[in-house]
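Peer 1: Below is the structure I would like to discuss, written out as structure tokens.
The values are calculated or read from the model by the stated rules, or taken from the named source; none is laboratory data. Since we're looking at a predicted model, the values are computed, not measured. FYI the Cβ positions are ideal-geometry reconstructions off the backbone, even for glycines, and counts take in every protein chain you see.
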Amino acid sequence: MIKVAVLGYGTVGSGVVEVFRQNQEVLNKSVGQDIELKYVLDLREFPGDPVEKVLVHDFETIVNDPEVNVVVEVMGGLNPSFNFVKRCLENGKSVCTSNKELVAQHGTDLLQTAREHHVNFLFEASCGGGIPIIRPLYQSLTADKIDEVSGILNGTTNYILSKMASDGSGFEEVLKKAQDKGYAERNPEADVEGYDACRKIAILSSLAFGNYVDYKDIYTEGITRITAADIKYAQTIGVSIKLLAISRRTEKGTYAMVSPVMIDSANSLYSVNGVFNAISIHGNMLGDAMFYGRGAGKLPTASAVVADVVEAAKNLNKTVMGEGWNPEKLELLPLDEVSSRFFVRIRGNASSVLPAVEHAFGEVDPISIPSMDGEFGFITGEMTEAEYREKSVKLEGIISMIRARLHG
Ligand code: HSE
């Protein structure tokens, strides 16, 4: 009999309990023996909730119980999660978590602790919610040299950008609606500033490239400056604006960044809308593969956590993720050396300002929108960020810039 403890009875924790309740038979069959929820840890009381039977308030009860084989950490944050998870691993218990902050900040240490104690530290639900992506990276895509991971890794921001595009509304208005519907937190900073996607791409890149990628090294820009006017330009030229998390090996080195990007319909992420997430992987033998599904939400996330519980239960004395990633940090290419194209909005009429624009950037096609007098847009050719900055400072009246990855 495998015994499981859950740390935290919030949204994901209650989802984990629900998966156990609804799919107990499936779980027993997958594991090959009975698996039971022995404890749920939370500081709060839940009068009348069936969880009361297994509810405990003291972590020591769990960490010191030799019957507990697998611990689920779904409290979020770093404190006390890190300390709790470390102590569980040191006490010979595997840990499964959905906590991307914890994995991005302490994953290297926790993977090593798990290896030293012949247990598992698993985190499928930390990236892409219910989408299987961590296990494919360490178990399935192992014959390839992965040279790019790019994805829509945050449901809240994808919902906001999709809604801005479908309704023509501004960022603030859509954010408020998203908060009312529960698609955005009351404090939306981690999502809308791109911090959440940054931690997720750091984890995926560490696994894909085999060396630790520090999330603090990743250039991160959120969606708060995207306006209804930007979306209008995008629609005029048939592209969409997505918050992309990208990491890529190039001849110059590996770069990683999170920022809004204009993409066209040739990009497999173009049609990923609403709260959905998708991750596109490019391998040198595989070519492209895309993983798509629900990147957040109680049951999809809990489903991924419990799949890890099954994996841990089937491998009680064996570390399945191997190295996970090498602790030696992958030095990322400075942002200045990263190349892309740039969509730029500038004040003035194309007839008078275009010569100065073309003097700086070479030949471009002006994009004008009849209802937006006194400005126009253009898309540059491919150049590095440093080159873009150097050229753009010579021009007066630039309103905004959005990076563009266009095939056409
Ligand atoms: N806030 C996150 C999102 C939740 O919107 O994707 C899942 O990590």
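Peer 1: May I ask you to list the residues in the range 372-388 that are in contact (Cβ under 8 Å) with a residue 40 or more places away in the chain and either of a type in the set (K, R) or assigned to a loop (DSSP other than H, G, I, E, B) (or both)?
Peer 2: Matches in the range 372-388: M372, G381, E382.
Peer 1: Of (1) within 16 Å of the ligand (Cβ to nearest atom); (2) β-branched (V, I, T); (3) assigned by TED's automatic domain parsing to the domain that holds R199, V261 satisfies all except one. Which?
Peer 2: (1)
Peer 1: Restricting attention to the range 277-330, which residues are over 17 Å from the mean Cα position of the chain (by Cα), part of a loop (DSSP other than H, G, I, E, B) and either within 16 Å of the ligand (Cβ to nearest atom) or of a type in the set (F, W, Y) (or both)?
Peer 2: W325
Peer 1: Quick test for you: out of R225, R186, pick the one residue that is away from the ligand (no atom under 15 Å from the Cβ), over 15 Å from the mean Cα position of the chain (by Cα) and surrounded by fewer than 22 Cβ atoms within 10 Å (Cβ to Cβ).
Peer 2: R225
Peer 1: Same structure again: Just checking, how many residues over the range 28-67 are of a type in the set (V, I, T), assigned to a strand (DSSP E or B) and more than 15 Å from G8 (Cβ to Cβ)?
Peer 2: 1
Peer 1: OK, next. If you go through the range 118-172, how many residues are over 13 Å from the mean Cα position of the chain (by Cα), surrounded by fewer than 24 Cβ atoms within 10 Å (Cβ to Cβ) and not hydrophobic (A, V, I, L, M, F, W, C)?
Peer 2: Looking only at that region, the number is 20.
Peer 1: Looking only at the range 77-135, which residues are β-branched (V, I, T) and either under 28 Å from G151 (Cα atoms) or not in a loop (DSSP other than H, G, I, E, B) (or both)?
Peer 2: The initial filter retains those residues of the range 77-135 that are β-branched (V, I, T), namely 85, 95, 97, 103, 108, 113, 119, 131, 133-134.
Across the range 77-135, the qualifying residues are V85, V95, T97, V103, T108, T113, I131, I133, I134.
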